[in-house]
Amino acid sequence: DAAFLAAKRPIIVDDKLQKHLNEENMAHLAALAQKLENLDDWSRDAIESLIKAYMEANELKMGKLLPVFRAALVGSSQSPGIFDVLALLDKTEALARLNDQITSIIRLNFCNNCIFKTSFFKGFIPSLNTFNNKRSYFFRS
């Protein structure tokens, strides 16, 4: 089903996938989103190679991160393979959908005066700003 291609943001994540949207997984998703942002060749093979290299370097199994991508990009456990999904979405849309989920978790982890309660996301804020240039996600006026 190709309905995910036309889905409006933010993607609504079904209950089955909600459990995968935790801080640890979101930190990995943020790191991968940054790497994907720098990827020049937006093809299935290039995307798959990049994600698999990251997973190998971080000793992660496919079952750990692919549901996180599925949640962020499609919102449902029913979709084509995640590398196909990334390749079918244009780069801007794919990164925007990833950013929607990442920033929703980040917003939950901020306290007064924009101080992080957790160390998982330190260093990711500047790269996230480049996805959508919306500083309101990150700083109070």
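The values are calculated or read from the model by the stated rules, or taken from the named source; none is laboratory data. Bear in mind that the values here come from a model prediction, so they are computed numbers and not experimental data. Backbone-built Cβ (ideal geometry, glycine too); neighbour counts: all protein chains shown. For accessibility, only protein heavy atoms count, side chains too; no ligands or nucleic acids. Shrake-Rupley method; radii C 1.70, N 1.55, O 1.52, S 1.80 Å.
Out of curiosity, is residue 5 buried (at least 18 other Cβ atoms within 10 Å of the Cβ) and part of a helix (DSSP H, G or I)?
no
Which of the numbered conditions does residue 79 fail, given that it passes all the others? Conditions: (1) in contact with a helix residue (DSSP H, G or I) (Cβ under 7 Å, 6 or more places away or on another chain); (2) surrounded by fewer than 16 Cβ atoms within 10 Å (Cβ to Cβ).
(2)
From the list 41, 45, pick out the single residue that is open to solvent by 80 Å² or more (accessible area, probe 1.4 Å), acidic (Asp, Glu) and not in a loop (DSSP other than H, G, I, E, B).
None of the others qualify; the one that does is 45.
Can you name every residue in the range 30-64 that is of a type in the set (A, V, I, L, M, F, W, C) and within 18 Å of residue 97 (Cβ to Cβ)?
Within the range 30-64, 30, 31, 32, 33, 36, 39, 42, 47, 50, 51 qualify.
Can you tell me which residue in the range 49-71 is least open to solvent (accessible area, probe 1.4 Å), limited to those that are closer than 16 Å to residue 35 by Cα and of a type in the set (Gly, Ala, Ser)?
53
Checking residue 67 against (1) assigned to a helix (DSSP H, G or I); (2) more than 18 Å from residue 10 (Cβ to Cβ): exactly one of these is not met. Which one?
Residue 67 satisfies every listed condition except (2).
Enumerate the pairs (first residue in the range 57-84 and in contact (Cβ under 8 Å) with a residue 40 or more places away in the chain and at negative phi; second residue anywhere and small (Gly, Ala, Ser) and open to solvent by 40 Å² or more (accessible area, probe 1.4 Å)) with beta-carbon separation below 8 Å, excluding pairs fewer than 6 apart on the same chain, so at least 6 apart or on different chains.
The qualifying pairs are 67/77; 70/77.
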